[in-house]
Amino acid sequence: MDGKICVITGGTAGIGLAASLQIGALRPARMILVGRNRQRGEAAVARLRREAPAVPVEIRYADLSSLAEVRRVASEIAGSVDRIDVLVNNAGAIFDRRETTADGLERTFALNHMSYFLLTHLLLDRVRAAGPGARIVNTASEAHRGATLDVDDLQNARRYGGWLAYRRSKLANILFTRELARRLEGSGVVANCLHPGFVASEFGNNNGFLFRNALGLAKRAMAITPEDGAKTITYLAGDPAAAAVSGRYFEKSRELRPSRAAEDDAAARRLWAESERIAGIG
């Protein structure tokens, strides 16, 4: 990672921040964090500068559930670098109540999938400019198992549940990675995704008391540390072996076969086409 440029969304807390610290410990890569909360962002930058002083770090702020905000922050990043060696799409959340964004999108889908899709599209020229060996890493989840994706109801309007919407969004992450890798074939740029594990972080704390409390009890009983959860991100971002595969799904730094629904190439193509339509690109 020495001298490379790494962009990490959701990089101000949890596994995103832990991955930034781990990557910084490997070599002094230039880290560009993307976060939403300024207080947490300032704390994250201060911690990186304290624990990895050789790492140049900067932060950009955006609400990635907004397509306009994704476009703005992508423009800021693209204007500040000539290449991106590693792009980590990691920002995500779960919402126990159905909400829609200013774009009319269900918030889970908007943040957990559309931000990955649009930010990658807007920064892809910079990733390609890094040449062979550049990497795109998408944080998915084992929560995708058992989920199915209804491309005609991506906004979860017919039936909504926070866990259901989250599982579908993580399935979308894997399908997006699969189709992205197919489109990047022959370029030398690889795209892979991962399950970080059930991590003790602030994930889910944005919800109501009952949901937040239940999730908190589960975290205390079985969750791993953000540092352990970040290890697979760090592996996919920097390990030489991870540059030899693309379109794959990983857990604990090892390739793992996802669900059958996550290997549906026709569904991946339909999701891509619909995402292009929503984003107004293509």
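Tabulated results
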quantity: Inter-label distance for residue 251 and residue 148, nm, one decimal - labels placed 7 Å from Cα along Cα-to-Cβ; calculated: 2.2 nm
quantity: Inter-probe distance in nm under a simple model that places probes 7 Å from Cα toward Cβ, at residue 164 and residue 224; calculated: 3.0 nm
quantity: Residue-normalised accessible area of the range 11-57, given per residue in Å² at a 1.4 Å probe; calculated: 47 Å²
quantity: Among 109-115, 50-56, the order from most to least packed when residues are scored by Cβ within 10 Å on average; calculated: 109-115, 50-56
quantity: Cα gyration tensor shape of the chain, rounded if a/c is under 1.5, else prolate or oblate by comparing a/b with b/c; calculated: rounded
quantity: Axial C-alpha extent at least 15 Å, average Kyte-Doolittle at least 0.5 - helices from the chain (DSSP); calculated: 14-26, 115-129, 209-222
quantity: Full-stretch length increase - residue 47, residue 83 - with 0.36 nm per residue and alpha-carbon distance subtracted; calculated: 10.4 nm
quantity: Antiparallel bridge percentage (DSSP; both residues within the chain; nearest 5); calculated: 10 percent
quantity: Carbon and sulfur %, accessible surface of the chain computed with the full protein complex present, 1.4 Å; calculated: 48 percent
quantity: For peptides 3-14, 263-274, sequence by mean Cβ density within 10 Å, most packed first; calculated: 3-14, 263-274
quantity: Residue-averaged 222 nm ellipticity for the chain, from DSSP H runs of 4+ at -39500 (n - 2.57), nearest 500; calculated: -14000 deg cm²/dmol
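The values are calculated or read from the model by the stated rules, or taken from the named source; none is laboratory data. What you see is a predicted model, and the numbers here were worked out from it, not measured in a lab. So basically every Cβ, Gly included, is an ideal-geometry build from the backbone, and we count neighbours across all protein chains shown. Ligands, DNA and RNA are stripped out before the accessible areas are found, and what is left, the full protein with its side chains, is counted by its heavy atoms. Shrake-Rupley method; radii C 1.70, N 1.55, O 1.52, S 1.80 Å.
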